[in-house]
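The values are calculated or read from the model by the stated rules, or taken from the named source; none is laboratory data. No experiment lies behind these values; they were computed from the predicted model shown. Virtual Cβ from ideal backbone geometry, glycine too; neighbours counted across all protein chains shown. Quick note on the areas: whole protein, heavy atoms, side chains included, nothing else; ligands and nucleic acids left out. Shrake-Rupley method; radii C 1.70, N 1.55, O 1.52, S 1.80 Å.
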Amino acid sequence: MMDLVLTKNFTTPNAYQVEVYEKTGGYQSLRKAFGMKPTEVIEEVKKSGLRGRGGAGFPAGMKWGFVPQNTGKPIYLCINADESEPGTFKDRAILEKDPHRLIEGSILCSYAIGCHTAYLYIRGEFDLPRRRLEEAIQEAYQKGYLGKNILGAGYNLDLYLHRGAGAYICGEETALLESLEGKRGYPRIKPPFPAVQGLFGCPTVINNVETLSALPYIIERGAEAYKKIGTEKSPGTKLFSVCGPVKKPGVYEVPLGLPLRTLLREQAGGLQDGKVLKAVVPGGSSVPVLTAQEVEQVNLDYESLQAAGSLLGSGGFIVIDEGYCMVRALTNLAHFYSHESCGQCSPCREGTGWSYQILKRMEAGRGEERDIDLLLDIGRKMSGATICVLADALAMPIASYIAKFRHEFEYHVREKKCLFP
Amino acid sequence: MSLQFSETSEQRIEETLKRYPTKQAALLPVFWIAQEQFGWISQETIELIARRLDLSPAHIYGVATFYTMLLKKPAGKYHLQVCRTLPCALMGCDSLIGYLKERLGIEEGETTDDKKFTLTTVECLASCGTGPAMMVNEKYYENLTCERAEEILKELK
Ligand SMILES: Cc1cc2nc3c(=O)[nH]c(=O)nc-3n(C[C@H](O)[C@H](O)[C@H](O)COP(=O)(O)O)c2cc1C
Ligand code: SF4
Ligand code: FES
């Protein structure tokens, strides 16, 4: 049996309470870390090969290594609990079921990078997760895991919850910083990268909830134990959330490298009776779609999915069955991305809105011959031409849905109606 | 008399300000405190926050309009926010939304005449595996069907 790194407490009743978490071995890795130098903690995380779980997959230890230690300015940690990518609901599971694991991981990271103030940015809609976290943070203060002179180690850390107010773009790291600073969530031009110039102009690390929650295991068991799980370039386990018409939608922790078909058949129980698989979006709604045939061939790791022309992203799997129209699916996503565009860059603001208008028309049976190529053209002009990758997050689905399911788009245009009434 | 923060709100604002190196960073938390007290973010509320945080009303207005959860007009007693994004659509949120519109006799974004229900569609609530999903005020309801929605409406007194 594989070690569970993230979900081992999910079946333990009341694991969100500090006493229960402690009984499962919680906060022991903190004691261990305080016996190490911060640089040794960073080294261990580098050796583990842990990659960021928020979407981009950037190596965590390497990111921490970019933080300059000699600027005289405070160093901040921002914990990204904004989870808003359609199809993704894995962080919420950690926040609700095992918040202390995240808090412990956040303390480990803060200690490693020399941070004394951390902000946990949580999406405004999350009510139960927020209440669980508020309680857990209070408990951690009472137990001396947060605050002044933590566990007598002479290290201080404050952790504050900061509630978002409904904007998908605030999950993008620089938009998150702007939002925390009390502004509209407009992504910033990079460089400078947050590690050098982030929150309030100070060095800042931004990590995803799942990334930080893997740290207690890595410090407790060591990088070697972590690396034994997963593949060489994608070590460890990952949470995958599976939704759509499958028998058992939900959040599953599996070793990276597992065949996708295993996740779908064994963990998610296969499709609901009578439904046939048409397509899967593997990394949250913004990545290129896979056909049923491609699903059979890919493995769940960063390299395999990239080789198959898609991305692992956030690990949110959206399953689409033969009875659902791909034009309709893309129209829905175009609405999402046009609604959520922050509006700073014209290719994104105009491109997402225009794509939605065209698709809506096509979906309603009023598409024109030239629309399909026009959509592809708009997508091409959006991608790579903007401050953040939200524009690409629609351009990639446009290109892949049309490339792989072009006949459905042509049918809409030609017959002036949907294939799936 | 112009709008004022209650004593409780004022205490919470004081506490909040200690957490950030700038007053401006307290803007979202203060919006939440204000929305809890006044129900929505009116022009008067914006001016009140502007005075309290030494920010320009224009900046505050700009921020308020960016975030969908900050209400720019009052909502009914129960604010039904139904997810409309793809995973929920795959599980049938369209018929749920249609049902609610007909049952309440309102369109999206509207409030019933008795001020009891406001219906809004929103983007992904991170309940995609238990869709269709909706939020009523702060509470999540998941795995919805029209029948279940009807029961919920009846429970909301
Ligand atoms: C449009 C957009 C939305 C994003 N939304 C989220 C999100 O909801 N949660 C998250 O953790 N990262 C999100 N990210 C990724 C963050 O920008 C960032 O890469 C991540 O928080 C870094 O943490 P990690 O290295 O631990 O993955 C988003 C990125 C983009 C471009
Ligand atoms: S790409 Fe879109 S969301 Fe990103 S900064 Fe530009 S306009 Fe805003
Ligand atoms: S799509 Fe409805 S909760 Fe995610």
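Roughly how many debye, to the nearest 20, is the charge dipole of chain B about its Cα centre, given +1 on each Lys and Arg Cβ, -1 on each Asp and Glu Cβ, and no other charges?
280 debye
Which value in deg cm²/dmol, rounded to the nearest 500, describes the helix-derived mean residue ellipticity at 222 nm for chain A, given -39,500 (n - 2.57) per DSSP H run of n ≥ 4 and division by the residue count?
My calculation for chain A gives -12000 deg cm²/dmol from helical runs alone.
Counting only other chains, what is the mean number of Cβ atoms within 10 angstrom of the Cβ of each residue in peptide A:115-124?
Per residue, the average neighbour count from other chains is 2.
Placing +1 at every Lys and Arg Cβ and -1 at every Asp and Glu Cβ, with all other atoms neutral, what dipole size does chain A have around its Cα centre, in debye to the nearest 20?
220 debye
Segment B:1-154: Rg/Rh from Cα coordinates, Kirkwood Rh?
1.05
Output the Cα-based Rg and Dmax of segment A:373-414 in Å, rounding Rg to one decimal and Dmax to a whole number.
Answer for segment A:373-414, Rg first and Dmax second: 11.2, 37 Å.
Summing Lys, Arg as +1 and Asp, Glu as -1, what charge do residues with Cβ under 15 Å from the Cβ of A:PRO421 carry, A:PRO421 excluded?
-2
Can you tally the net charge around A:LYS238? Count Lys and Arg as +1, Asp and Glu as -1, for every other residue whose Cβ sits under 11 Å from the Cβ of A:LYS238.
0
Counting Lys and Arg as +1 and Asp and Glu as -1, what is the net charge of the other residues whose Cβ lies under 15 Å from the Cβ of B:SER9?
-3
Counting only protein heavy atoms and using a 1.4 Å probe, what share of the accessible area of the protein assembly as shown belongs to carbon plus sulfur, as a whole percent?
50 percent
Which cysteines does chain B leave without a neighbouring Cys Cβ under 4.7 Å?
B:CYS124, B:CYS146
I want to verify a result. In a Gaussian network model of chain A, Cα cutoff 10 Å, which of these has the top mean-square fluctuation: A:THR71, A:THR352, A:THR117?
A:THR71
Rounding to the nearest 10 and keeping the result within 0 to 90°, find how far the Cα-based axis of helix B:43-53 lies from the longest principal axis of chain B.
Taking Cα atoms only, the helix is inclined about 50 degrees.
Can you bin the protein assembly as shown into rounded, prolate or oblate? Criterion: square roots of the alpha carbon gyration tensor eigenvalues sorted a ≥ b ≥ c, rounded for a/c under 1.5, prolate for a/b above b/c, oblate for the rest. Don't jump to the answer; show the numbers that get you there.
On the way: a/c = 1.56, a/b = 1.16, b/c = 1.34.
Oblate, because a/c is 1.5 or more while a/b does not exceed b/c.
What does DSSP give for the protein assembly as shown in terms of the percent of beta bridges that are antiparallel, rounded to the nearest 5?
Numbers: 24 of 50 bridges.
Taking every DSSP beta bridge with both residues in the protein assembly as shown, the antiparallel ones total about 50 percent.
Treating the beta-carbon of each Lys and Arg as +1 and of each Asp and Glu as -1, no other charges, what is the dipole magnitude of segment B:70-157 about its Cα centre, to the nearest 20 debye?
Value, rounded to 20: 300 debye.
Quick one: go through segment A:323-353 and flag any residue whose amide nitrogen is under 17 Å from the point 7 Å out along the Cα-to-Cβ line of A:LYS416.
The answer is none.
Tell me the Kirkwood radius of segment A:238-279: reciprocal of the mean inverse pair distance over distinct alpha-carbon atoms, in Å.
Hydrodynamic radius (Kirkwood, Cα only) of segment A:238-279 equals 10.5 Å.
Taking only the alpha-carbon positions of segment A:1-135 and ignoring solvent, what does the Debye formula give for the base-10 log of I(q)/I(0) at q = 0.10, 0.14, 0.15 Å⁻¹?
-0.35, -0.71, -0.83
Go through B:GLU142, A:GLU350 and list them by solvent-accessible area, largest first, probe radius 1.4 Å.
The ranking, largest first, comes out as A:GLU350, B:GLU142.
Using a 10 Å cut-off on Cβ to Cβ distances, tally the other chain neighbours for every residue of B:20-33 and report the average as a whole number.
5
Give the A-B buried accessible area in Å², both sides summed, 1.4 Å probe, nearest 100.
Chains A and B together bury roughly 3700 Å² of accessible area.
Quick one: compute the contact order of segment A:300-421, relative version, from alpha carbon pairs under 8 angstrom and 6+ residues apart, as a percent.
Answer for segment A:300-421 is 28 percent.
Take the alpha carbon atoms of segment A:217-370, find their radius of gyration, then divide it by 2.2 N^0.38 Å using N residues; give the quotient.
Its radius of gyration relative to the 2.2 N^0.38 Å reference: 1.21.
In terms of the Cα gyration tensor, with a ≥ b ≥ c the square roots of its eigenvalues, is segment A:1-72 rounded because a/c is under 1.5, prolate because a/b exceeds b/c, or oblate?
Prolate, since a/c reaches 1.5 and a/b exceeds b/c.
Threshold 30 Å², probe 1.4 Å: give the residues of segment A:147-168, in number order, that are less accessible with all protein chains present than with their chain alone.
So the qualifying set is A:TYR160, A:HIS162, A:ARG163, A:ALA165, A:GLY166.
Among DSSP beta bridges lying fully in segment B:3-157, give the percent that are antiparallel, nearest 5.
Restricted to segment B:3-157, the bridges split so that about 55 percent are antiparallel.
Take the alpha carbon gyration tensor of segment A:178-290, find the square roots of its eigenvalues, order them as a ≥ b ≥ c, and report rounded if a/c is under 1.5; if not, report prolate when a/b exceeds b/c, else oblate. Could you put the intermediate results ahead of the total?
Working: a/c = 2.78, a/b = 1.50, b/c = 1.86.
Since a/c reaches 1.5 but b/c is at least a/b, the shape of segment A:178-290 is classed as oblate.
Can you give the accessible area per residue of the protein assembly as shown, in Å², using a 1.4 Å probe?
About 40 Å² of surface per residue is accessible.
Considering the dipole of segment A:1-98 built from charges on the beta carbon (Lys and Arg +1, Asp and Glu -1) around the Cα centre, which of A:THR88, A:THR71, A:PHE58 is farthest to its positive end?
Toward the positive end, the furthest listed residue is A:THR71.
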